[in-house]
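Sharing a structure below in structure tokens format, with a few things to ask.
The values are calculated or read from the model by the stated rules, or taken from the named source; none is laboratory data. Just so we're clear, the structure is a prediction, and the values are computed from it rather than from any experiment. Note that we place each Cβ from the backbone using ideal geometry, even for glycine, and neighbour counts take in every protein chain shown.
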Amino acid sequence: MSSEIKSIIFDVDGTLMDFRKAEVQALEELRLFMGDTASPDEFITSYHRVNDRIWLELEQGLITGSVLKLERFRRFARERSSTIDPRELSEFYLTALGKGAFPLEGATELLQALKGRFPMAVVTNGLTKVQEARFKALAYDKIFDVLLISETEGVSKPDVEIFRRAAARMGVPLDASVLMVGDSLSSDIGGGIAAGIQTCWYNPGGWQNQSPHKADYEISHLSEILEIPGVQVQLTERLSR
């Protein structure tokens, strides 16, 4: 699939923001808050056993974001033999995570180059409290035309409905003139393909794609988005006006 690109949808975590850095910082704060005697690495590994499984359930439509944010800490408290109320753990962690607004290399420069030249949306399978705090810190409300958070929307990628909403709120058709950029083959690329839009897999680690979801484009650095033919043509035309 290749055609002129008229609008762009971005994923956030792992695409525009360094979620790993934010998560490590927040989990260390949580470990100290819980008084857990595990090493930081052991604590993170334990958390991921719970968290990775429950986010997969979200992608599969087995759980909603509003249920996830409390249920994962019910499971994690049980795993860590903690008697702290899961609601308290969840609130503490979400507040700590929301402070971790770390742009990935090249993200700020890319968005500055695209701002005002394409209708742009963010579609994230995130939690509202966390994402809104980070969007505010990075002034995403001034950069993007549309911000969709799965918990608020009640629907998550790869469900086509969240892509429909993004296109509708940008005022563009949901077709091949829309480009989805993200690092997740299942939610971003798989969802984009199902929605009938162009897809770009951000793959800075150089991983082999062994999934059934094959993107139209693959990049290892965010600046390469500016070299995609449809983007390049549109950007050049607008810059020359």
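Only residues that are surrounded by fewer than 20 Cβ atoms within 10 Å (Cβ to Cβ) and assigned to a helix (DSSP H, G or I): list them for region 115-153, please.
Across region 115-153, the qualifying residues are 128, 129, 132, 133, 136, 137, 141, 142, 143, 152, 153.
Do we find a residue being under 18 Å from the mean Cα position of the chain (by Cα) and free of Cβ contacts under 8 Å to residues at least 40 places away in the same chain anywhere in region 108-119?
There is at least one residue in region 108-119 that is under 18 Å from the mean Cα position of the chain (by Cα) and free of Cβ contacts under 8 Å to residues at least 40 places away in the same chain.
Determine whether residue 23 is modelled with pLDDT of 95 or more and charged (D, E, K, R). Steps first, please.
Numbers: modelled with pLDDT of 95 or more: yes; charged (D, E, K, R): yes.
It is true that residue 23 is modelled with pLDDT of 95 or more and charged (D, E, K, R).
From 31, 49, grab the single residue that is charged (D, E, K, R), modelled with pLDDT of 95 or more, surrounded by 18 or more Cβ atoms within 10 Å (Cβ to Cβ) and over 30 Å from residue 216 (Cβ atoms).
Numbers: 49 fails: surrounded by 18 or more Cβ atoms within 10 Å (Cβ to Cβ).
Of the residues listed, the single one that is charged (D, E, K, R), modelled with pLDDT of 95 or more, surrounded by 18 or more Cβ atoms within 10 Å (Cβ to Cβ) and over 30 Å from residue 216 (Cβ atoms) is 31.
Follow-up question, since we're still on this one. Answer with yes or no whether residue 77 is at pLDDT 95 or above, in contact with a Ser or Thr (Cβ under 9 Å, 6 or more places away or on another chain) and either over 30 Å from residue 226 (Cβ atoms) or surrounded by fewer than 21 Cβ atoms within 10 Å (Cβ to Cβ) (or both).
Values: at pLDDT 95 or above: yes; in contact with a Ser or Thr (Cβ under 9 Å, 6 or more places away or on another chain): yes; either over 30 Å from residue 226 (Cβ atoms) or surrounded by fewer than 21 Cβ atoms within 10 Å (Cβ to Cβ) (or both): yes.
Considered against the rule, which asks whether it is at pLDDT 95 or above, in contact with a Ser or Thr (Cβ under 9 Å, 6 or more places away or on another chain) and either over 30 Å from residue 226 (Cβ atoms) or surrounded by fewer than 21 Cβ atoms within 10 Å (Cβ to Cβ) (or both), residue 77 comes out as yes.
Also, quick follow-up: Residues that are on the phi < 0 side of the Ramachandran plot, of a type in the set (Val, Ile, Thr), surrounded by fewer than 17 Cβ atoms within 10 Å (Cβ to Cβ) and free of Cβ contacts under 8 Å to residues at least 12 places away in the same chain: does region 89-105 have at least one?
Pass one, region 89-105, residues on the phi < 0 side of the Ramachandran plot: 89-105.
Now drop any that are not of a type in the set (Val, Ile, Thr), which leaves 95.
If we keep only those that are surrounded by fewer than 17 Cβ atoms within 10 Å (Cβ to Cβ) too, we end up with 95.
With free of Cβ contacts under 8 Å to residues at least 12 places away in the same chain added as a condition, the list becomes none.
There is no residue in region 89-105 that is on the phi < 0 side of the Ramachandran plot, of a type in the set (Val, Ile, Thr), surrounded by fewer than 17 Cβ atoms within 10 Å (Cβ to Cβ) and free of Cβ contacts under 8 Å to residues at least 12 places away in the same chain.
Does any residue in region 35-58 that is free of Cβ contacts under 8 Å to residues at least 40 places away in the same chain come within less than 7 Å, Cβ to Cβ, of a residue that is assigned to a loop (DSSP other than H, G, I, E, B) and surrounded by 16 or more Cβ atoms within 10 Å (Cβ to Cβ) six or more places away or on a different chain, and which pairs are these?
Close Cβ pairs (under 7 Å, with a partner that is assigned to a loop (DSSP other than H, G, I, E, B) and surrounded by 16 or more Cβ atoms within 10 Å (Cβ to Cβ)) amount to 43/36; 46/80; 54/63; 57/63.
Next up: So how many residues does region 187-199 have that are of a type outside the set (Gly, Ala, Ser) and either assigned to a loop (DSSP other than H, G, I, E, B) or farther than 14 Å from residue 177 by Cβ (or both)? Working first, answer last.
In the first step, residues of region 187-199 are kept if they are of a type outside the set (Gly, Ala, Ser); the result is 188-189, 193, 197-199.
Pick out the ones that are also either assigned to a loop (DSSP other than H, G, I, E, B) or farther than 14 Å from residue 177 by Cβ (or both) and you get 188-189, 193, 197.
Qualifying residue count for the region: 4.
Tell me, yes or no, whether region 217-227 has at least one residue that is among the charged types (D, E, K, R), at pLDDT 95 or above and not in a helix (DSSP H, G or I). Step through it out loud before you land on a result.
Keep residues of region 217-227 that are among the charged types (D, E, K, R), which gives 218, 224, 227.
With at pLDDT 95 or above added as a condition, the list becomes 218, 224.
Adding the requirement that they be not in a helix (DSSP H, G or I) leaves 218.
The answer is yes, given that some residue of region 217-227 is among the charged types (D, E, K, R), at pLDDT 95 or above and not in a helix (DSSP H, G or I).
Select, from 105, 4, 88, 42, the only residue that is farther than 26 Å from residue 163 by Cβ and not in a helix (DSSP H, G or I). Quick ask: steps written out before the conclusion?
Working: 4 fails: farther than 26 Å from residue 163 by Cβ; 88 fails: not in a helix (DSSP H, G or I); 42 fails: not in a helix (DSSP H, G or I).
Within the list 105, 4, 88, 42, the selection yields 105.
Determine if region 154-177 includes at least one residue that is of a type in the set (Phe, Trp, Tyr) and either more than 20 Å from residue 230 (Cα to Cα) or buried (at least 22 other Cβ atoms within 10 Å of the Cβ) (or both).
Initial filter on region 154-177 (of a type in the set (Phe, Trp, Tyr)): 163.
Keeping just the survivors that are either more than 20 Å from residue 230 (Cα to Cα) or buried (at least 22 other Cβ atoms within 10 Å of the Cβ) (or both) gives 163.
Among the residues of region 154-177, at least one is of a type in the set (Phe, Trp, Tyr) and either more than 20 Å from residue 230 (Cα to Cα) or buried (at least 22 other Cβ atoms within 10 Å of the Cβ) (or both), which makes the answer yes.
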